[in-house]
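Okay, structure first, notes after.
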Amino acid sequence: MGLTLHHRLTAPAGLSARRAAALVRRLHAIASEFVAAGRIAEAHPISSDRIELDRWANAWRILPHPDQPDTSFGVQITPDAGWIFPVDLGDDSELLWLGLCRYPATVPHGTGTIATRLGPRWQFSASCKTQYASLHGWEHFARCHTAAVDLLLAARPLGLRVKLTDEGGYWPHRRLPLLRERLDRLNGIVAALAGGLKDAGDETGAPAVQSPIFAHPHFERLEAEGVATESAHLNETLRLIRDATST
C-alpha cells in the first residue's frame with residue numbers, strides 16, 4: 001500500500017537484441033544526466049545478469065482461481081534475456097527500475113503450459129512506490145516523484161512506447177496540488193491504519209507493527225487526520241485484520 005508509479009516500456013516491433021541493448025544504454029545516459037542535474041541520486045550500472053533478471057524483471061500472467069470464485073492468482077514469467085538498471089530517486093523512495101527484456105511465448109503451468117501473451121517485442125514493466133520519500137518533506141518527495149515521471153517520459157524520444165499510471169495524479173497534467181492532496185490523504189490513511197494496528201497489538205501482546213510511516217515527522221497529525229476522514233473504512237479494515245489474525 002502506498003502512492004506508486006506503474007510503468008511499461010515497449011520497443012518497436014522487430015527490434016534486434018543489439019538495438020535493444022543500445023536503447024537501454026541511451027536511457028541510462030539520460031538518467032546519468034538527471035544525476036548531474038541534481039534531480040535524482042544515482043543511476044546504477046546496467047545488468048544482464050541472470051540472477052538480477054530473475055529477481056527484478058519478472059512479468060506476471062493473472063489467472064482466475066479454478067476452485068475459488070472471484071479469486072485470481074499470478075503465474076510468474078521470467079525473461080529470456082534483457083538489460084535492466086535501477087535508479088535511486090532519493091532517500092526512502094523505492095528504486096525505479098528501467099530496461100528492456102524479451103519474454104517467452106509460453107511458460108510451464110501445472111502439467112502443461114500457458115501462453116504469456118507478452119508478444120515478441122522487447123519490453124519492461126515495473127512499479128515504484130515514492131510515498132515514503134515524504135518522510136523528508138514535501139519538496140524532497142515532489143522532486144523524486146516528478147523526476148521519475150520525467151525520466152520515464154524521456155524514453156519516448158528514443159522510440160519507446162511509454163505507458164505510465166500515476167496514483168498521485170500528477171501525470172498527465174502535471175498537477176502538483178493534486179499530487180500533494182493525494183499524498184497527504186494516503187499518508188493519513190497509512191498512519192491511521194498503522195496506529196490502529198499498533199494499539200491493537202499493544203492490547204493483545206501481538207508482535208510490534210512495523211511501518212515507515214512511524215518515522216514521519218508529523219505522524220501524530222497524519223494519524224489524527226486519517227482517523228477523522230476515514231474512520232468508517234479504517235474500523236472495518238481493522239476488524240477484518242483482527243478477525244483474520246485471531247483464527
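The values are calculated or read from the model by the stated rules, or taken from the named source; none is laboratory data. The model shown is predicted, which means the values in this text are computed figures rather than measured ones. Every residue, glycine among them, receives a Cβ derived from its backbone with ideal geometry; neighbour counts consider all protein chains shown.
Some observations on this one:
- Residue selection: His28 satisfies the criterion of being at pLDDT 95 or above, closer than 28 Å to Asp150 by Cβ and not in a strand (DSSP E or B).
- Candidates Ala41, Ala17: the one that is in contact with a helix residue (DSSP H, G or I) (Cβ under 9 Å, 6 or more places away or on another chain) and either outside the structural domain of Gly169 (by TED's automatic domain parsing) or in contact (Cβ under 8 Å) with a residue 12 or more places away in the chain (or both) is Ala41.
- Set side by side, the residues Ala13, Ala36, Ala31, Ala22 differ, and just one is among the aliphatic types (A, V, I, L, M) and crowded, with 16+ Cβ neighbours inside 10 Å, which is Ala31.
- Sole residue being within 20 Å of the chain's Cα centre (by Cα) and under 17 Å from Ala29 (Cβ atoms), chosen from Trp56, Trp83, Trp60: Trp83
- Options Val149, Val162; residue that is farther than 20 Å from Gly90 by Cα and in contact (Cβ under 8 Å) with a residue 40 or more places away in the chain: Val162
- Of the strands (runs of 3 or more DSSP E) entirely within region 79-155, those holding at least 2 residues that are surrounded by fewer than 22 Cβ atoms within 10 Å (Cβ to Cβ) and at pLDDT below 95 occupy 106-109, 112-115.
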